[in-house]
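Readers should treat all values here as calculations from the given coordinates under stated rules, not as data from a laboratory. The structure presented is a predicted model; accordingly, all values stated were derived computationally and were not measured. Note that each Cβ is placed from the backbone with ideal geometry, even for glycine, and that neighbours are counted across all protein chains shown.
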Amino acid sequence: MFAKILIANRGEIACRVIRTARRLGIRTVAVYSDADAGSLHVTLADEALRIGPAPARESYLCPELILDAAKRSGAQAIHPGYGFLSENADFAETCTNAGWVFIGPPTAAIRAMGSKSAAKQIMEEAVVPLVPGYHGEDQDPDLLRAAADRIGYPVLIKASAGGGGKGMRVVWETAAFDDALAGAKREALSGFDDDRILLEKYLTRPRHVEIQVFADAHGNVIHLFERDCSIQRRHQKVLEEAPAPGMSAELRSRMGAAAVAAARAIGYVGAGTVEFLLDEDGSFFFMEMNTRLQVEHPVTEMITGQDLVEWQLRVAFGEQLPCSQEQLAINGHAIEVRIYAEDPQRDFLPSIGTLKHLRTPLENTHVRIDTGVRAGDEVSIHYDPMIAKLIVWDTDRSGALRRLAAALGDYQVVGVTTNIEFLASLASHPAFAAADLDTGFIERHRTVLFPETRPASDQQLALASLYVLLKRSREAQQAALLSIDPWSPWHQTNGWRMNGDNHHQLLFRDADLDLSITAHYRPDGYLLELPGGSLKVRGTLDDNGDLLADLDGSRCKATVVRHGEDLVIVIQGRSHRLTLFDPLAHVNEQEVAGGRLTAPMPGKIVAVLVAPGEQIVKGTPLMIMEAMKMEHTIAAPRDGVVESIHFSVGSVVSEGAELLAFAIEEAEG
Ligand code: ADP
């Protein structure tokens, strides 16, 4: 086996390859761009080499830089992962010619499948069924329109060099053909430097079912069953499962045989995927072959008990396939969802930012997480915004679905918008549970899957209020411990008043809505006046922000993540953001004990309202800061004297910076 391999990739897939390599005792070399210097794959690998600046074109997509790193590291083989250079035949060829083993198929096989049109010609000869269509060399528009008319509408125009759904157009009638053709060609040219297109009959309710194939250099070719990837948005996969629901053994073996024939036809070696469209009547058609490990390979691993990266390494080293077709069997059901930093409400626009809080479900035989990020990492504009793949397994599909719902409920991400709630509504949709699948699923169920953004519920408001109240009472207790008079009634935050009602007002902003919640102190908790009525609440809060609450007798668990004045309340995988308005919230009681006042968040000083030596009373505004386009007033927490001011108007302050020193006037008597 190889002693050392280089992984020409980043993120989740680099970590995935490292995991198997480590188990097999193979040393790993990671490569990284400047944006990834501190990322997980760099930390996990035995060695890591910088290859260039953040943009992929100047780092991960540069064959010379990768090969230079391979030379420096002394690695024997290069694993390309998926994406980046994984299906670049020139890169594979250069690797091989320069003496490295490319952990992937032979160059000729990558080339043969690189063009969808050429691939179809080969498949036609191998008698693999094709969707009726046109994939000839002649690209004359009149000829293409005539071909479309012959195929019959609807027709799909596809870029021959395509991928990622780019350059695809559905045409419903002959009159619309010319415009659609021009559009598809433009997109293909800008995306792939190649404007050749092909035509296919557009199936209106197909499923995407693909077969995992594997071949070694000794002439053995087998398949590891199928994956159903019908749940797609903009023709891109969102959720994948194995086996495909409702698949008969007979259809499985016919599709498997077709995929094996496809692999044989191009002298394939290594891991590959043959993608088919499966029509409602059970007929299936070759779409394309992906000559690499797929993002969704874990579902196949979960149902077969095999490690496909290990298979890749063994085959690349020249070994025989680890097992025969007869030795493989399907065990249970697996589902994978791709957790993305993106906003489903805004057409799945990537969401960029820092993962301020990240907590994942526990991994076990039922739950697997393949990821390349940790809390504190950045989702940048430079790379794919996938956070993780969550894979669940159980003995049957309904069990796997239950596991999926539970695991999504335990997945907490704060800092970027994610598709977690969208995936949860997908997983709980009755039509999905009934396996009524086809590639139009998401579009068809749009209204249910993309619910309107709702204002905070009373439950969310109650939990946010309880969090603030518990946090405050804890801080007051800590301040009391540090104070010269721990028993002073001034440290209490139980709302005790000598006269009058013991209550407190909490002000929140929820999107554009200002909300005021009155909290009445009760011996065993609080009575909250919420928009929907009053609620008795109590609970405990730990250091991680985990809140165990009792809301009018019903127990509920939530996590509250605080960043500046923003509170994100996470309950069962659903997050809601509220902004807290409270002059006292700027004041950490602990700091007050020492007479310090610090910036609650990064921002700019826009006004200094007091001068050193000035005598002030509790509540006097001292400074005004601007942060996140809003003004925040820093008020005096007690009566006292300003000792010194540390910043002037216009200064930019970082979170936690001491703004001014303040001497507390001890209450007399
Ligand atoms: P890309 O390589 O750009 O991802 P594919 O050829 O793999 O494009 O197709 C992506 C998706 O587009 C398929 O999974 C399927 O949902 C849809 N699609 C492709 N061809 C057809 C077709 N002939 N009829 C209906 N849908 C299709």
Compute the normalised compactness of the chain: alpha-carbon radius of gyration over 2.2 N^0.38 Å, N being the residue count. 1.16
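With n ≥ 4 as the cut-off for DSSP H runs, can you work out [θ] at 222 nm for the chain, using -39500 (n - 2.57) per run divided by the number of residues, rounded to the nearest 500?
On the way: 18 runs with 180 residues, N = 669.
Per the formula, -8000 deg cm²/dmol.
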Using 0.36 nm times the number of residues separating TYR153 and GLU658, minus their current alpha carbon distance, what extension gain do you get? 174.9 nm
Got a sec? Charge dipole of the chain, +1 on Cβ for Lys and Arg, -1 for Asp and Glu; which of GLY532, GLN76, ALA611 is way out at the positive end? GLN76
Neighbourhood charge, 14 Å Cβ-Cβ cut-off, centred on VAL560 and excluding it, Lys, Arg +1 and Asp, Glu -1: +4
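In debye to the nearest 20, how big a dipole does segment 132-201 give about its Cα centre with +1 on each Lys and Arg Cβ and -1 on each Asp and Glu Cβ? Can you show the working numbers first?
Numbers: 9 positive and 13 negative charges, 57 e Å.
With Lys and Arg at +1 and Asp and Glu at -1, about 280 debye.
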Taking r as the C-beta separation of HIS429 and VAL170 and R0 as 25 Å, the FRET efficiency to the nearest 0.05 is 0.55
Positive-end residue of LEU470, TRP311, ALA244, charge dipole of the chain with Cβ unit charges: TRP311
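Based on the mean of other Cβ atoms within 10 Å per residue, sort peptides 543-555, 394-406 so the most packed one is first. Walk me through the intermediate numbers first.
Values: 543-555: 13.8, 394-406: 17.6.
Highest to lowest by the protection proxy: 394-406, 543-555.
Need the full-extension length gain, ASN364 to ASP193, defined as separation in residues times 0.36 nm minus the C-alpha distance. One decimal, nm. Could the numbers behind the result be given before it?
Details: separation 171, 0.36 × 171 = 61.56 nm, distance 4.52 nm.
Gain in length upon complete extension: 57.0 nm.
Name the shape class, rounded, prolate or oblate, that the alpha-carbon gyration tensor gives for segment 22-76, where a ≥ b ≥ c are the square roots of its eigenvalues, rounded holds for a/c under 1.5, and otherwise prolate holds if a/b is larger than b/c and oblate otherwise.
Details: a/c = 2.60, a/b = 1.36, b/c = 1.90.
Judged from the Cα gyration tensor, segment 22-76 comes out oblate (a/c at least 1.5, b/c at or above a/b).
Take the Cβ-Cβ distance between GLU326 and ARG472 as r, set R0 to 51 Å, and report the resulting FRET efficiency rounded to the nearest 0.05.
On the way: r = 67 Å, r/R0 = 1.31.
Plugging the Cβ-Cβ distance into 1/(1 + (r/R0)^6) gives 0.15.
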With a cut-off of 8 Å between alpha carbons and a minimum separation of six or more residues, what is the relative contact order of the chain in percent? 8
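With +1 on each Lys and Arg Cβ and -1 on each Asp and Glu Cβ, and nothing else charged, work out how big the dipole of segment 4-103 is about its Cα centre, in Debye to the nearest 20. Working shown, then result.
Details: 11 positive and 11 negative charges, 99 e Å.
Charge dipole, segment 4-103, about its Cα centre: 480 debye, nearest 20.
Rank by packing, highest mean first: peptides 382-388, 210-216, with packing defined as the count of other Cβ atoms within 10 Å averaged across residues. List each step's numbers first, then the result.
Working: 382-388: 21.0, 210-216: 25.1.
Ranked from most to least packed, the peptides come out as 210-216, 382-388.
Charges only on Cβ, +1 for Lys and Arg, -1 for Asp and Glu: so what's the dipole of the chain about the Cα centre, in debye to the nearest 20? Can you show the working numbers first?
On the way: 65 positive and 90 negative charges, 181 e Å.
Roughly 860 debye for the chain.
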PHE225 long-range amide H proximity, modeled H, under 5 Å: GLN212
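Going highest first, how would you order 22-30, 503-511 by mean Cβ packing within 10 Å?
22-30, 503-511
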